[in-house]
Amino acid sequence: MLKSKSNQSFTEFLTSVVISSRYIPVWIAMCILLVAAYFVAPATLSPASFTAILPLTAFLVIVSLGQMLVVMTGGIDLSTPGVMTLAAFVTVGYGAGQDANILKGLGMALAVSALIGLANGFLVGVFRLNALIVTLAIGQITRGALLKYATQIANEASVPTGLSRWAISQVYGAGWIFWIAVIVTLALSIILTYTGVGRRFRAVGANQIAARISGLRVTLYVVMAYVVAAMMYGLAGFLLAAFIRSPTQGLGAAYLLGPIAAVVIGGASLSGGLASVFSTALAAFFLTVLDQMLRVMGLPTSLQFVVFGVAIIGGMAVSGDRIVDMVEGLFQRRFAKAEE
C-alpha cells in the first residue's frame with residue numbers, strides 16, 4: 001500500500017516536472033538577454049530606457065495573453081491588428097475630446113471588440129471553420145469597417161486630454177498602463193488556476209472530445225475564449241490610443257505576429273490546453289527588451305528585423321512541445337536502462 005502511494009507520488013512529481021519544463025526556456029532566454037544587454041548595450045537597462053520599455057511591454061503583454069486564450073483552445077487569432085485599431089478609433093470617436101466621455105469611449109471600444117470576438121468564436125466554435133482563415137477574414141472585414149468609420153473622425157482628432165494625461169502619469173516608478181497590464185496578468189492567472197471556470201477551460205483546450213464526454217459545454221468555452229481575447233485586444237487598443245493621443249490606421253499592424261511569438265516562446269502548446277500566464281507575459285517582455293536593445297545598439301533597421309526574426313525562430317525551435325518531448329524521451333531512456 002505504501003509502495004503504491006510512493007509510486008503514485010513519484011509519477012505525479014515526474015508529470016509536474018515534464019509539464020513545467022516547457023516554460024523553462026523563456027526564463028533562461030530572458031536571463032541571457034539581460035546579461036548580453038548589460039555588456040553589449042548597457043543603456044538598454046537604464047531607467048530612461050525602462051521608462052520607454054514598460055508601456056510597450058504592457059501593450060504586448062495584454063494582447064499576448066488574449067492570444068494565449070485562443071491558442072489554449074487549439075486555435076489562432078489573426079484579427080488582432082484590426083480589433084486594436086478599430087477600438088482605438090472608437091475611443092477617439094466616442095470620447096469626442098471630452099473627459100466626461102472617457103468611460104463611454106472605453107465601454108464602446110470593449111463592446112465593439114467583444115462583438116468581433118463573438119463573430120470569430122461563433123464561426124470557429126459553432127460552424128467548426130478553420131480559425132486561421134476565419135480570423136484573417138474577420139480581420140479584413142474589421143479593416144473595412146475601420147476605413148469607413150475613420151472617415152467620420154477628423155484627421156487631427158485625439159483622445160480626451162484627461163485620458164492622455166492619465167496614460168503618461170507615473171505611479172511607483174511606472175505608468176498606469178504598466179500597472180493595468182500587471183492587474184490583467186494577475187487576474188487571468190488567478191482565474192485560470194483557482195476557479196472552476198478556469199479549470200474547465202483548460203480541460204476543454206487539452207482535450208475537447210474528453211471534455212464533451214464529461215459534459216462540459218465545449219462550444220461555449222471556445223466562443224468565450226475568442227470574445228475575451230478580443231476584449232483584451234480592445235483594451236490594448238484603448239490604452240495605446242491614450243498613450244499616443246492621436247491613433248493612426250496602422251496602429252495595430254505591429255501586433256499581428258508579435259503576440260503569437262510571445263505565446264509560443266512562453267511555452268504554450270499549439271495543440272491547446274497548456275499555457276502559462278506568467279511565462280507568456282515574460283516572453284512579451286523579452287521581445288520588447290530585445291527590440292529596445294537592437295535600437296540602442298544603433299543597428300540598421302534592416303538588420304534589426306533580421307535579428308528579431310532569428311530570435312523568434314530560435315525561441316520557437318525550443319518551444320514548449322519540443323522541450324516536453326525531450327524531457328519525456330530522457331525519462332524513458334533512463335527508465336529503460338534501469339529496468340535492464
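The values are calculated or read from the model by the stated rules, or taken from the named source; none is laboratory data. Keep in mind that this is a model prediction, so the values were computed, not measured. Here the Cβ is made from the backbone with ideal geometry for all residues, glycine too, and neighbour counts use every protein chain on show.
Brief remarks on what is shown
- Residue in the stretch 22-44 that is touching a helix residue (DSSP H, G or I) at 6+ places or on another chain (Cβ under 9 Å), crowded, with 23+ Cβ neighbours inside 10 Å, hydrophobic (A, V, I, L, M, F, W, C) and at pLDDT 95 or above present: no
- Annotation note: Cβ proximity below 8 Å between a residue of the stretch 20-48 that is more than 24 Å from A261 (Cα to Cα) and a residue that is part of a loop (DSSP other than H, G, I, E, B) (sequence gap 6+ or interchain) occurs for V40/M297.
- Condition broken by V159, with the remaining ones in (1) in contact (Cβ under 8 Å) with a residue 24 or more places away in the chain; (2) closer than 21 Å to D77 by Cβ; (3) aliphatic (A, V, I, L, M); (4) touching a helix residue (DSSP H, G or I) at 6+ places or on another chain (Cβ under 8 Å) satisfied: (2)
- Selection count, the stretch 75-127, where residues are under 19 Å from R245 (Cβ atoms), part of a helix (DSSP H, G or I) and among the aliphatic types (A, V, I, L, M): 12
- When the stretch 187-212 is filtered for residues that are among the basic types (K, R) and in contact (Cβ under 8 Å) with a residue 40 or more places away in the chain, only R202 remains.
- Any hit, the stretch 315-324, residues being surrounded by fewer than 19 Cβ atoms within 10 Å (Cβ to Cβ), at pLDDT below 75 and closer than 14 Å to G258 by Cα: yes
- Residue in the stretch 46-64 that is at pLDDT 90 or above, surrounded by fewer than 18 Cβ atoms within 10 Å (Cβ to Cβ) and among the polar types (S, T, N, Q) present: yes
- Scan of the stretch 192-220 for residues that are in contact with a Gly (Cβ under 9 Å, 6 or more places away or on another chain), more than 23 Å from L118 (Cβ to Cβ) and not small (G, A, S), ordered by number: N207
- Residues that are within 14 Å of S276 (Cα to Cα) and surrounded by 15 or more Cβ atoms within 10 Å (Cβ to Cβ) were ranked within the stretch 185-203; the one that is modelled with the lowest pLDDT is R202.
- In the stretch 162-208, the residues that are closer than 24 Å to F59 by Cβ and outside any helix (DSSP H, G or I): S169, Q170, V171, Y172, G173, A174, G175
- Some residue of the stretch 68-78 being over 20 Å from I168 (Cβ atoms) and either more than 17 Å from the chain's Cα centre (by Cα) or polar (S, T, N, Q) (or both): yes
- Test: residue in the stretch 108-126 that is over 21 Å from the mean Cα position of the chain (by Cα), loosely packed, with under 15 Cβ neighbours inside 10 Å and within 21 Å of L270 (Cα to Cα): yes
- Matching entry among A241, A275, A311, A268 (being crowded, with 23+ Cβ neighbours inside 10 Å, among the small types (G, A, S) and either modelled with pLDDT under 85 or in a helix (DSSP H, G or I) (or both)): A241
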